[in-house]
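A quick write-up on the structure given underneath.
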Amino acid sequence: MAENIRIDSHKLIYHPDVVAKWRKGENIYPIEMEVGLTNACNHRCIFCAVDYTGYKPTFLDKDILLSNLKEVAAKGLKSIIYAGEGEPLLNRNVTEIINQTKNYGIDAAISTNGVLFTKEVSRECLKSLTWIRFSTSAINEDTYKIVQRGKPGDLQKVLVNMEEAVKVKRDANLKTTIGVQLLLLPENQSEIVEMAKQLKGIGVDYFTVKPYSQHPQSGNLIEINYQELLGLEKELTEIVTEDFNIYFRAHAMQKLVCKRGYDHCYALPFMVYMDAKGNLWPCIVFMGNEELSYGNINEESFVRIWEGERRKRVIHYFDHMDLEKNCRELCRLDEMNKYLNELLHPGEHVNFI
């Protein structure tokens, strides 16, 4: 059964020691890092948030990455999501990187369109993944082609690869959570229920339906009224079982019409993004703005970058930035920021527990 993964919330409550250090003003290291192993991609999804990067065949250097991971693991890094600007499986070293990440004591996960996550790949690295998330936009071949713009037959490859991953998991008695994520769009809204039923039959652990949000730098623009689609949640709930969960992100859809309740991005130190060129960014939204890069691991180590003056200057910049004007609508840090803002600005009766 898919665990309660708090997909519309946050998990800082499970790291009170790190939060306590942050409140004291200490220079904490990130709990989670997202890593782009390549900028190349075998699809051209109509919802892609990083289309502005140009899908160039840039690949993160394996040896430099792993040497830095070993060092930063000792500093407190707990997890890495291999996702990023492109399709991570296009990096030929991906399985070795995943396995070594786990060997360093860092939880590893991957988000992929799944075309290249073959049976052989499952056998090589599924044991080292805490979770894998297939980004799949439809269950109908025509819709899939329109939205993800891959090659003919890609959808069937993905569905077979899901089945093989489920089989490898069961045969080896692995705990790896296998999920599927879909961006709810006008093109695919009519086949969501059928897709849920088929995924349940395949045996994945969960299915997530999330809203599209506009990336400030993306040239892709999709307009959809999610308030008219909230009724889908009830239909999907009827498909849920003990072994198959569905996360219909109604909360996130509602947030699209709400403003932030805080003025500062407090959560930046808890997460970091590394792109395929080795640049470290406070947030993927600002990837490409060289002035806001913390530094590059090809030029100096992660630890030196994290302890350096340049990063302090970037954090200072964000402390004074207008979030409403500059940030993405559905920011991954939003729930953490609400929590941290409440810790810093409690009510008057907090001692009456």
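The values are calculated or read from the model by the stated rules, or taken from the named source; none is laboratory data. It should be emphasised that the depicted structure is a prediction, and the values quoted were computed from it without experimental measurement. Every residue, glycine as well, gets a Cβ built from its backbone with ideal geometry; the counts of neighbours run over all protein chains shown. Surface areas here come from the heavy atoms of the whole protein model, side chains and all, with no ligands, DNA or RNA. Shrake-Rupley method; radii C 1.70, N 1.55, O 1.52, S 1.80 Å.
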request  = Within the range 225-246, identify whether any single residue is within 17 Å of the chain's Cα centre (by Cα) and aliphatic (A, V, I, L, M), and answer yes or no.
outcome  = no
key: Residue ID - modelled with the lowest pLDDT, chosen from residues in the range 337-353 that are closer than 30 Å to residue 249 by Cβ and outside any helix (DSSP H, G or I)   = 347
key: Selection count where residues are of a type in the set (Lys, Arg) and either open to solvent by less than 20 Å² (accessible area, probe 1.4 Å) or touching a residue at least 60 places away in the same chain (Cβ under 8 Å) (or both), scope the range 64-77   = 1
Elements of type helices (runs of 4 or more DSSP H) in the range 11-106, at least 2 residues being on the phi < 0 side of the Ramachandran plot and small (Gly, Ala, Ser) = 62-73
key: All positions within the range 238-257 that are open to solvent by 50 Å² or more (accessible area, probe 1.4 Å), at pLDDT below 85 and of a type in the set (D, E, K, R)   = none
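Each row is one residue, and each column tells you yes or no for (1) among the hydroxyl-bearing types (Ser, Thr, Tyr); (2) open to solvent by 60 Å² or more (accessible area, probe 1.4 Å); (3) out of contact with any helix residue (DSSP H, G or I) (no Cβ under 8 Å at 6 or more places or on another chain); (4) touching a residue at least 40 places away in the same chain (Cβ under 8 Å).
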residue	(1), (2), (3), (4)
290	no, yes, yes, no
295	no, no, no, no
298	no, yes, no, yes
301	yes, no, no, yes
304	no, yes, yes, no
323	no, no, yes, yes
327	no, no, no, yes
349	no, yes, yes, no
353	no, yes, yes, no
query = Any chance the range 337-344 includes a residue that's free of Cβ contacts under 8 Å to residues at least 12 places away in the same chain and either closer than 20 Å to residue 68 by Cα or open to solvent by 30 Å² or more (accessible area, probe 1.4 Å) (or both)?
reply = yes
ask   = Can you name every residue in the range 203-237 that is over 30 Å from residue 168 (Cα atoms), open to solvent by less than 70 Å² (accessible area, probe 1.4 Å) and touching a residue at least 60 places away in the same chain (Cβ under 8 Å)?
value = 211, 212, 213, 214, 215, 218, 219, 220, 222
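Table: residues versus (1) under 30 Å from residue 212 (Cβ atoms); (2) touching a strand residue (DSSP E or B) at 6+ places or on another chain (Cβ under 7 Å); (3) of a type in the set (A, V, I, L, M).
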position: 20; (1), (2), (3): no, no, yes
position: 23; (1), (2), (3): no, no, no
position: 35; (1), (2), (3): yes, yes, yes
position: 46; (1), (2), (3): yes, no, yes
position: 50; (1), (2), (3): yes, no, yes
position: 62; (1), (2), (3): no, no, no
position: 67; (1), (2), (3): no, no, no
position: 74; (1), (2), (3): no, no, yes
position: 82; (1), (2), (3): yes, yes, no
key: Matching residues in the range 112-148 - criterion: being under 18 Å from residue 205 (Cβ atoms), open to solvent by 20 Å² or more (accessible area, probe 1.4 Å) and either touching a helix residue (DSSP H, G or I) at 6+ places or on another chain (Cβ under 9 Å) or part of a loop (DSSP other than H, G, I, E, B) (or both)   = 127, 130, 135, 139
task = May I ask you to say which residue of 101, 95, 118 is under 21 Å from residue 156 (Cα atoms) and modelled with pLDDT of 95 or more?
result = 118
